[in-house]
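One structure is given here, and the rest of the page talks about it.
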Amino acid sequence: MNALENIVRRPTPSLSQEGPEAALGREWLVTNGLGGYASATIAGACTRRYHGLLVAGLPSPFGRYVMLDQLSAEIELQDGQVLPLDRQSLEPEVADLPQGIVAEFRLEAGLPVWEYALSGVRLEKRILMPHLQNTVCIVYRILQAPHALRLRLRPRMHFRPQESVLSEKVPQYHIWSNAERLEVTTESVPPLRMRVSGPREPKFGNDHQLLRVHYGTERARGYDFLGTVWSPGGFQIALSIGEEVAVWASTERWDAFEAFVPAAVQGAEIKRRVHLVERAAPEARTGIGAELVLAADQFIIRPHARPADEAIAEAAGEEARTVIAGYHWFTDWGRDTMISLEGLTLVTGRFDDARQLLQTFSRYVRDGLLPNLFPEGGRSGLYHTADATLWYFHALSRYWQATHDRETLDLLLPVLQDIVQWHIRGTHFGIHVDPADGLLIQGAEGYQLTWMDAKVDDWVVTPRRGKAVEINALWYNALRLLEGWNRETGNEAAAGHLFDQAARVRESFNRRFWNAPGDYLFDIVDGEAGDDALFRPNQIFAVSLEHPVLDSGRWEAVVNKVAAQLLTPVGLRTLAPGQRDYRPTYDGDLRSRDAAYHQGTAWAWLMGPLIDAWCRVYPNQIDKAAELLAGFEPHLGEACVGSISEIFDAESPFHPRGCIAQAWSVAEVLRCWVKTHQAAGS
């Protein structure tokens, strides 16, 4: 049996139970391993500026470009009746589709499949992207029909960076076409090439159109929401029952994709996905675990936007790797990559990818800091982060435990030694060790340096300048890890010095951060307003990391209080209800959303450290830790079907918000799924 035959995900509850709006409220995502993707609503409408059937991952300076927005599909019956398959969100809004036309949507091996049913016709649509190509294939197949029919397909496009405003002027397009091919060019970006293959030759009608599109989700988010798309014309092809037609759209050369056959391309992609699942941990080869393995694959990419990275790696006999932090708008972030590395690569058996990720980021360490992020289309990183660098130690530790790859450890050890020295003597953004107590302090006016990094214009929502609890938990963990690696390599003098530093951090941490009246940890000490006693989840890292800095006698109190005040079915709240500035929902315009981003909003990835801490405190209650993941199963059928959102409202019904697919959300849930199932089976 194919390892993926039973990996099918349907929205829950079914579309037929919820009605047509269910298809408009859920989204799908297919990626290509280059940062490019295809994504829209199940109904077919583009409701975000990021939606499109081909958002190509182009080299710098382009970045990700929306090349093909939509492919309008209609069925023309013998009596002349025309049945549209997809919602188009045109302005003014077109009439709703007939009730029930989307009979079913499902993922098969992580790839989207639609079934449409109306007037005696059943039609299937599939979408896939060949791996490592900026190409998308849309296949239509007639499952049932009373007679032959005609399929009419009209591409719509607005070549633009995915982050650009929708009202940006439509460029001047030039087209070349014949019956099966269409090439659209502008002066600014690579051409879009399209071809149609089917049982008989299609016809192309060259009738240009400009159409206004209403992007409903952008309007709700307070952004520019009206845009214009251009259509060069449309294809028509006659089909009978059992026949199929494939539409290819690509920014690759003609010879790179013109010989593609849908069955062969789909077969190659299924084979690749079978391999992904088969090499994952045994607990992740079926059910939800296997679904998350396929979801994890969407985030691991070649840094195609930075050709120098690829060239340097190839010269060393390697392949560069990086991680897209979230779809649709995040690029690759250092913090997110290091937190996600174990769940995305080690649990899934992708050890080469893990090594390549660690080596890729090591080349970007500057003055003791790992890049916070790489801007869209940019070649250089931005370094405004106090924790990404410390998470690098954590990621390497997990890789070392899984592989005992001494060659990689020896390669990276000098980088780690240098990082610690920069932190001791001080580096950018006020990041330095306080000589008075050995704790790490950070903060610079106008910058948000911790993972609680919301900023609107000049307003840093949660600046957290001072000595942050998780930064110092990570600092202690990094010192202890580096101590161990120095002992591993026989450098006892360096190891002893690191041991002394770590001991001082531990003593100072437990003396300074323990909030005795509340029986929990301060979030910040020596901050701009003194010690900050707001109850946040950051304290859980003092228990969850490999080397917990908190005295063991205090672990249970912290874990119990965090679970009691911050736990939701889909992650941890970022602030306890009832506290100053608490926000129960994440909605409204950008300023309103960012004001709630870390002021109550629940984050899925935080379930990981809570489960780690729980298992440390209650090793005989692994079953209860596993139960904490139960809320993610129904979530896989909503928002982005088959993936896990970035954030959720802090209170019931915990609406998913933010990015529809987030790397550390998927990684941490997958990691803990495997961890708790392994423990239960041992």
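The values are calculated or read from the model by the stated rules, or taken from the named source; none is laboratory data. Just so you know, these numbers come straight off a predicted model, no measurement behind them. Every residue, glycine as well, gets a Cβ built from its backbone with ideal geometry; the counts of neighbours run over all protein chains shown.
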Quiz item: When L396 is evaluated against the numbered criteria (1) under 26 Å from the mean Cα position of the chain (by Cα); (2) more than 23 Å from G317 (Cα to Cα); (3) in contact (Cβ under 8 Å) with a residue 60 or more places away in the chain, which criterion, by number, is the only one it fails?
Solution: (2)
Quiz item: Do we find that T135 is hydroxyl-bearing (S, T, Y), surrounded by fewer than 20 Cβ atoms within 10 Å (Cβ to Cβ) and at pLDDT 95 or above in this structure?
Solution: no
Quiz item: So L294 fits all but one of (1) crowded, with 23+ Cβ neighbours inside 10 Å; (2) in a loop (DSSP other than H, G, I, E, B); what number is the exception?
Solution: (2)
Quiz item: For the range 444-474, how many residues are of a type in the set (V, I, T) and either assigned to a loop (DSSP other than H, G, I, E, B) or without any contact (Cβ under 8 Å) to a residue 24 or more places away in the chain (or both)?
Solution: 4
Quiz prompt | Sole exception among (1) over 24 Å from W391 (Cα atoms); (2) touching a Phe, Trp or Tyr at 6+ places or on another chain (Cβ under 6 Å) for T585, by number | solution = (2)
Practice problem: Being of a type in the set (S, T, Y), more than 19 Å from L294 (Cβ to Cβ) and surrounded by 24 or more Cβ atoms within 10 Å (Cβ to Cβ) is the filter here, so list the residues in the range 649-673 that pass it. | Solution: none
Quiz item: Of the residues that sit in the range 138-172 and are assigned to a strand (DSSP E or B) and basic (K, R), which one is surrounded by the most Cβ atoms within 10 Å (Cβ to Cβ)?
Solution: R156
Quiz item: Is there any pair with a first residue in the range 206-217 that is surrounded by 12 or more Cβ atoms within 10 Å (Cβ to Cβ) and a second that is outside any strand (DSSP E or B) and of a type in the set (F, W, Y) whose Cβ atoms are under 7 Å apart and which are 6 or more apart or on different chains, and what are they?
Solution: H214/F225; Y215/F225
Self-check item: Spans of strands (runs of 3 or more DSSP E) in the range 524-595 with at least 1 residues surrounded by fewer than 24 Cβ atoms within 10 Å (Cβ to Cβ), in the same structural domain as V456 (by TED's automatic domain parsing) and out of contact with any helix residue (DSSP H, G or I) (no Cβ under 7 Å at 6 or more places or on another chain)
Solution: 524-527, 530-532
Exercise. Go through the range 66-83 residue by residue and tally those that are part of a loop (DSSP other than H, G, I, E, B) and in contact with a Lys or Arg (Cβ under 7 Å, 6 or more places away or on another chain).
Key: 1
Self-check item: Leading residue by the ranking (modelled with the lowest pLDDT) among those in the range 182-201 that are over 15 Å from S231 (Cα atoms) and out of contact with any Ser or Thr (no Cβ under 9 Å at 6 or more places or on another chain)
Solution: S188
Quiz item: Regarding R616, is this residue among the charged types (D, E, K, R) and not in a helix (DSSP H, G or I)?
Solution: no
Self-check item: Selection from the range 399-408 of residues that are touching a residue at least 12 places away in the same chain (Cβ under 8 Å), surrounded by fewer than 18 Cβ atoms within 10 Å (Cβ to Cβ) and part of a helix (DSSP H, G or I)
Solution: A402, T403
Practice problem: From A639, A602, grab the single residue that is under 30 Å from E108 (Cβ atoms) and surrounded by 18 or more Cβ atoms within 10 Å (Cβ to Cβ). | Solution: A639
Quiz item: Given the residues A625, A576, A679, A661, which is the only one that is in contact with a Ser or Thr (Cβ under 7 Å, 6 or more places away or on another chain) and more than 20 Å from M338 (Cα to Cα)?
Solution: A625
Quiz prompt | Exclusive hit being of a type in the set (S, T, Y), in the same structural domain as E376 (by TED's automatic domain parsing) and more than 19 Å from the chain's Cα centre (by Cα), set T286, T331, T322 | solution = T286
Quiz item: farther than 16 Å from T450 by Cβ, modelled with pLDDT of 95 or more and not acidic (D, E): does that describe G349?
Solution: yes
Self-check item: Of the criteria (1) in contact with an Asp or Glu (Cβ under 9 Å, 6 or more places away or on another chain); (2) more than 29 Å from V102 (Cα to Cα); (3) in a loop (DSSP other than H, G, I, E, B), which one I175 fails
Solution: (3)
Practice problem: Test I441 against the stated conditions and say whether it is more than 24 Å from the chain's Cα centre (by Cα) and either free of Cβ contacts under 8 Å to residues at least 24 places away in the same chain or not in a helix (DSSP H, G or I) (or both). | Solution: yes
Exercise. Evaluate the following for T337: is it buried (at least 22 other Cβ atoms within 10 Å of the Cβ), free of Cβ contacts under 8 Å to residues at least 60 places away in the same chain, outside any loop (DSSP other than H, G, I, E, B) and of a type in the set (V, I, T)?
Key: no
Practice problem: Select from the range 336-352 the residues that are more than 20 Å from E283 (Cα to Cα) and more than 13 Å from the chain's Cα centre (by Cα) and list them in ascending order. | Solution: M338, D352
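One line per residue, one yes/no per condition, for (1) outside the structural domain of T228 (by TED's automatic domain parsing); (2) at pLDDT 70 or above; (3) not hydroxyl-bearing (S, T, Y):
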position	(1), (2), (3)
Q17	no, no, yes
E21	no, yes, yes
E27	no, yes, yes
N32	no, yes, yes
A38	no, yes, yes
I42	no, yes, yes
T47	no, yes, no
Y50	no, yes, no
L58	no, yes, yes
Self-check item: P634 vs. criteria over 22 Å from V559 (Cα atoms) and either free of Cβ contacts under 8 Å to residues at least 12 places away in the same chain or not in a loop (DSSP other than H, G, I, E, B) (or both)
Solution: yes
Quiz item: Looking at this structure, is R154 touching a residue at least 60 places away in the same chain (Cβ under 8 Å), of a type outside the set (F, W, Y) and in contact with a Phe, Trp or Tyr (Cβ under 6 Å, 6 or more places away or on another chain)?
Solution: no
Quiz item: Can you tell me which residues in the range 302-330 are at pLDDT 85 or above and surrounded by fewer than 23 Cβ atoms within 10 Å (Cβ to Cβ)?
Solution: R302, E319, H328, W329, F330
Quiz item: When the residues of the range 413-437 are filtered to those that are in contact (Cβ under 8 Å) with a residue 60 or more places away in the chain and not in a helix (DSSP H, G or I), which remaining residue is surrounded by the most Cβ atoms within 10 Å (Cβ to Cβ)?
Solution: I431
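Listed here are the residues, each with its yes/no results for (1) under 33 Å from the mean Cα position of the chain (by Cα); (2) closer than 20 Å to L58 by Cα.
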| site | (1), (2) |
| --- | --- |
| R150 | no, no |
| S164 | yes, yes |
| A179 | no, no |
| E201 | no, no |
| V213 | yes, no |
| G216 | yes, no |
| R221 | yes, no |
| T228 | yes, no |
